[in-house]
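The values are calculated or read from the model by the stated rules, or taken from the named source; none is laboratory data. These numbers were taken from a predicted model, which means no experiment stands behind them. Cβ placement follows ideal geometry from the backbone for every residue including glycine, while neighbour counts extend to all protein chains displayed.
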Amino acid sequence: MSCYFLIDTYIENGRAAYDEYIAKVRSIVEAHGGEYLIRSENVTPLSDKRTPQRVIIIRFPDRASLDRCFSSPEYREIAHMRSESVDARALIAEEK
């Protein structure tokens with residue numbers, strides 16, 4: 001069953017490192033079967049408590065593919081670019 005990775009991104013420390021991360025992460029995600037459904041900064045918050053500047057939704061064929069992607073050496077090599085530049089709040093939703 002498909003597995004979805006949903007991310008709210010709150011940009012805190014400028015864009016340079018995050019933009020570099022964005023340029024590198026797509027090929028890693030796609031190599032593990034991930035398909036970007038949404039990558040948008042056109043976000044309309046419906047609550048004062050949740051106001052991300054960017055939202056990403058990625059569909060993976062299954063949970064194992066998602067786990068392999070984000071534990072891969074290629075991803076671990078660039079993960080610091082995201083963690084040092086933005087507050088990214090993610091969750092995983094699995095179809096049953």
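This table checks each residue for (1) touching a residue at least 40 places away in the same chain (Cβ under 8 Å); (2) within 19 Å of Ile78 (Cβ to Cβ).
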{"site": "Leu6", "(1), (2)": "yes, no"}
{"site": "Gly14", "(1), (2)": "yes, yes"}
{"site": "Asp48", "(1), (2)": "no, no"}
{"site": "Gln53", "(1), (2)": "yes, no"}
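Looking only at residues that are more than 21 Å from Pro45 (Cβ to Cβ) and out of contact with any Leu (no Cβ under 7 Å at 6 or more places or on another chain) in region 1-12, which one is modelled with the highest pLDDT?
Across region 1-12, the extreme among qualifying residues is Ser2.
Among the residues making up region 20-39, those that are part of a helix (DSSP H, G or I) and either out of contact with any Asp or Glu (no Cβ under 7 Å at 6 or more places or on another chain) or of a type in the set (Ser, Thr, Tyr) (or both) are Glu20, Tyr21, Ile22, Ala23, Lys24, Val25, Arg26, Ser27, Val29, Glu30, Ala31.
Would you check if there is a residue in region 16-30 being surrounded by fewer than 14 Cβ atoms within 10 Å (Cβ to Cβ), closer than 25 Å to Lys96 by Cα and not basic (Lys, Arg)? The answer is yes, given that some residue of region 16-30 is surrounded by fewer than 14 Cβ atoms within 10 Å (Cβ to Cβ), closer than 25 Å to Lys96 by Cα and not basic (Lys, Arg).
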